[in-house]
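Reviewing the structure listed below.
The values are calculated or read from the model by the stated rules, or taken from the named source; none is laboratory data. All figures in this text were calculated on a predicted structure; none of them were measured in a lab. Every residue, glycine as well, gets a Cβ built from its backbone with ideal geometry; the counts of neighbours run over all protein chains shown. Areas reflect the complete protein model, heavy atoms only, side chains present, ligands, DNA and RNA absent. Shrake-Rupley method; radii C 1.70, N 1.55, O 1.52, S 1.80 Å.
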Amino acid sequence: MDMRIILLPGQHISNKEWIENVEKKFQEEYPNTKISYYDHWEKGEQRTDVELETKKFLNIVNSSDEEYILFAKSIGSIIFFNSLKDLVKKPKGVLIVGMAYNLAKELNYDFTNLKEYISYPVNIYQKDFDPAGYYADIMNINGGNISVNQYECVGEENNNHSYENYEYLLKLLDNLVK
């Protein structure tokens with residue numbers, strides 16, 4: 001099945017190399033991928049322009065007739081949630097790792113009612129003590145089509161915002177697609 005995988009990385013420039021490694025792994029099974037590269041990386045800025053990146057994401061998906069799965073990390077999850085009001089072409093599913101829950105709260109996003117209007121599977125995997133949002137804190141958005149899961153740390157610490165087990169990420173993606 002030719003499913004397009006759209007990838008929304010984290011905010012920090014170190015995520016550029018990370019998302020390219022994730023993409024390489026995903027392409028072993030899903031050759032049709034598209035990374036959204038953030039403008040602030042080019043400009044050498046620290047912060048993602050969420051509105052600008054949301055527009056870019058919406059242009060990618062709303063202008064295409066391909067079915068797609070969204071993979072997002074950190075700020076990518078905020079960009080996705082910010083796009084919901086204008087998202088014409090819904091994804092087949094969404095896989096989020098390392099959701100930027102604390103930043104989202106700072107930016108006044110309220111995810112608690114998301115489950116009421118999302119009609120496709122959204123699987124969130126979070127480390128127990130991810131500094132961007134503890135697993136226990138994110139549990140409050142679980143329900144409906146949103147499934148909040150504990151990220152299994154194999155050879156990884158459970159108290160950082162780094163999700164480096166590419167085999168595991170591919171397996172999580174497979175679970176969503178198949």
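So, with a 1.4 angstrom probe, what is the percent of accessible area on region 24-174 that is carbon and sulfur?
46 percent
I'd like the antiparallel share, as a percent to the nearest 5, of DSSP beta bridges with both residues in the chain.
DSSP beta bridges in the chain are roughly 5 percent antiparallel.
Antiparallel versus total DSSP beta bridges in region 92-178: what percent is that, nearest 5?
10 percent
Computed from the mean reciprocal separation of all distinct C-alpha pairs, what Kirkwood hydrodynamic radius does region 118-178 have, in Å?
Taking the inverse mean of 1/r over all distinct Cα pairs, region 118-178 comes out at 12.2 Å.
Report, in debye and to the nearest 20, how large the dipole of the chain comes out about its Cα centre when Lys and Arg carry +1 and Asp and Glu carry -1 on their Cβ.
Using only the charged Cβ atoms, the result is roughly 420 debye.
Rounded, prolate or oblate: which fits the chain when a ≥ b ≥ c are the square roots of the eigenvalues of the alpha-carbon gyration tensor, with rounded for a/c under 1.5 and prolate only if a/b beats b/c?
Judged from the Cα gyration tensor, the chain comes out rounded (a/c under 1.5).
Given the pairs Lys56/Lys171; Lys34/Lys90; Lys127/Lys171; Lys16/Lys55; Lys85/Lys171, which are separated by over 21 angstrom at their Cα positions?
Where the Cα-Cα span goes over 21 Å, the pairs concerned are Lys56/Lys171; Lys85/Lys171.
May I ask you to order 42-54, 139-151 by the average number of other C-beta atoms within 10 Å around their residues, highest value first?
139-151, 42-54
Could you work out the local net charge near Arg4, counting Lys and Arg as +1, Asp and Glu as -1, over the other residues with Cβ closer than 14 Å to its Cβ?
Once all neighbours under 14 Å are counted, the net charge is -2.
Around Asn158, under 12 Å between beta carbons, what's the net of Lys plus Arg minus Asp minus Glu among the other residues?
-4
Restricted to Cα positions, what overall size does region 36-87 have along the principal axes? Three whole-Å values, descending.
33, 18, 17
Efficiency by 1/(1 + (r/R0)^6): what FRET value for Asp86 and Glu152, r their Cβ-Cβ distance, R0 = 35 Å, to the nearest 0.05?
The calculated FRET efficiency here is 0.55.
Would you give the gap between the C-alpha center of region 39-114 and the C-alpha center of region 158-178, rounded to a whole Å?
18 Å
What is the sum of charges, Lys and Arg at +1 and Asp and Glu at -1, for the other residues whose Cβ falls under 15 Å from the Cβ of Asp137?
Value of the local net charge: -2.
If you average the sequence gap of Cα pairs under 8 Å that are 6 or more apart and divide by the length of region 10-107, what percent do you get for the contact order?
27 percent
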